[in-house]
1. What residues have an amide H closer than 5 Å to that of Thr152, excluding those fewer than 5 places away on the same chain, when H is modeled at 1.01 Å from N in the peptide plane?
2. Please find the FRET efficiency linking Thr51 to Ser71, where r is the Cβ-Cβ separation and R0 is fixed at 22 Å, and quote it to the nearest 0.05.
3. If we count other beta carbons within 10 Å of each Cβ, what is the order of Phe127, Phe285, fewest first?
4. Using R₀ = 56 Å, calculate the FRET efficiency as 1/(1 + (r/R₀)^6) where r is the Cβ-Cβ separation of Asp220 and Phe7; round to 0.05.
5. Report ³J(HN,Hα) in whole Hz for each residue of segment 263-277, in order, from the Karplus equation J = 6.51 cos²θ - 1.76 cosθ + 1.60 where θ = phi - 60°; Gly and Pro get x.
6. Would you list Met114, Met294 from fewest to most Cβ contacts within 10 Å?
7. Can you list residues whose amide H is under 5 Å from Ser269's amide H, if they're 5+ apart or on another chain and H is modeled 1.01 Å from N?
8. Using r as the Cβ-Cβ distance of Lys293 and Val209, and R0 as 41 Å, what FRET efficiency do you calculate, to the nearest 0.05?
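Values quoted throughout were computed directly from the atomic coordinates according to the rules given, and no laboratory measurement underlies them. Predicted, not measured: the structure shown is a model, and the values here were computed from it. A quick note on method: Cβ atoms are made from the backbone with ideal geometry, for glycine too, and the neighbour counts reach across all protein chains shown.
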Amino acid sequence: MSLPEFFFERITSEIHQQMEGVLALAERLARQPMGADAQACIAGVTEAARTVRQILASSQDLKSATDNGLSITPEPKRAATLADEVQERWQERATDSGLTLLVSYDGDPDALVMVDPMRMHQVFDAFIAQALAGLRRGAVEATLKATANGDTTRLEGRVRGGADPAMGDRALDLREIEALFGLETALGVALGRKIVETLGGQVRAEPNVGAGETFVFEIDVPTARETQPAEEGLGQAERAAHILVVDDNATNRMVAETLCEMFDCTSESATDGVEAVEAARTGRFDLILMDIKMPRMDGVTATREIRALPGAPGRVPIIALTANADPEDAAGYLRAGMNGVVEKPMKPENLLRALQENLSEAAAA
């Protein structure tokens with residue numbers, strides 16, 4: 001990795017991490033009693049942070065796709081559920097814009113397909129965002145159609161929106177989209193097109209009767225077989241898990257504690273390795289989330305000292321929280337006695353998986 005690429009990755013990762021912290025803090029503030037003006041300010045901060053986070057994520061995905069190809073992680077998913085999730089993701093934003101969003105599904109309600117749900121959401125996000133941005137009033141219609149054909153299923157997505165008369169009925173290129181609707185929308189559309197292209201599909205625009213256009217994408221995906229649904233959350237036995245969050249950065253601690261709360265866990269915090277070792281001696285924690293770089297004592301040293309404690313406190317699962325999570329670094333953390341690694345900025349699904357795996361193993365032991 002060249003020096004410019006290294007700094008691009010570090011800077012974007014750091015900004016993304018800080019935006020996660022801003023969102024966590026804003027979420028907590030929004031739960032407090034306050035006046036309408038204060039609530040409006042919190043809503044504005046939240047929307048701005050989400051926009052920055054989305055711009056960063058889209059730009060990183062596009063850069064990665066250009067350099068190394070776009071990563072796709074398929075899993076079994078009901079096509080009808082994808083349509084429901086699109087509705088949930090966009091309903092509030094459409095309503096806040098004074099517009100109507102109508103999402104429908106056409107196909108077997110039990111149709112199961114192998115897709116990457118995040119990538120499918122990104123495709124719909126791109127075209128719904130552009131359709132909403134092109135409207136001042138009215139409705140945007142989004143449809144997902146699934147047509148099974150043996151081992152494959154064709155997924156056809158359609159997003160129908162109007163447009164201001166001055167825009168005409170022709171498809172816009174990315175520079176025009178950016179000029180009209182902003183950088184976030186243009187990056188999203190570029191990424192959506194790239195995802196469909198990577199999946200071997202096609203994107204086209206069909207002019208509507210009157211004004212505007214309908215964005216259409218078609219892809220063929222493997223038909224999935226019915227599997228036993230995975231359990232959500234940590235399970236009844238682990239709902240009371242008590243977690244120690246160790247990080248010298250207050251924002252990072254807040255993010256981790258908010259995620260623990262989301263997963264029905266209680267938590268306490270420590271600001272460095274020295275405090276972590278002392279807290280671990282009490283034996284009251286089911287798991288420790290350990291930052292690596294901290295003053296006084298780093299996470300690796302703290303882990304070694306905790307592992308030297310007698311009895312149950314020395315066996316508590318420890319998960320590394322770090323932006324340096326390449327295979328060589330991760331192997332070093334495991335050799336020091338850690339049980340896993342969650343990369344910063346933390347994604348809820350990654351933290352949940354680490355909690356499920358390690359709390360279940362600890363309970364079994």
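1. Here the answer is Thr223, since their amide H atoms fall under 5 Å of that of Thr152.
2. Numbers: r = 24 Å, r/R0 = 1.07.
Efficiency, from the Cβ-Cβ distance: 0.40.
3. Values: Phe127 27, Phe285 23.
The most exposed by this proxy come first: Phe285, Phe127.
4. Details: r = 40 Å, r/R0 = 0.71.
Step by step, r from the Cβ atoms, then E = 0.90.
5. 9, 6, 10, 9, 8, 10, 10, 9, 9, 6, x, 4, 5, 4, 5
6. Values: Met114 15, Met294 22.
Ordered from fewest to most neighbouring Cβ atoms within 10 Å, Met114, Met294 come out as Met114, Met294.
7. Val245
8. Details: r = 60 Å, r/R0 = 1.46.
Plugging the Cβ-Cβ distance into 1/(1 + (r/R0)^6) gives 0.10.
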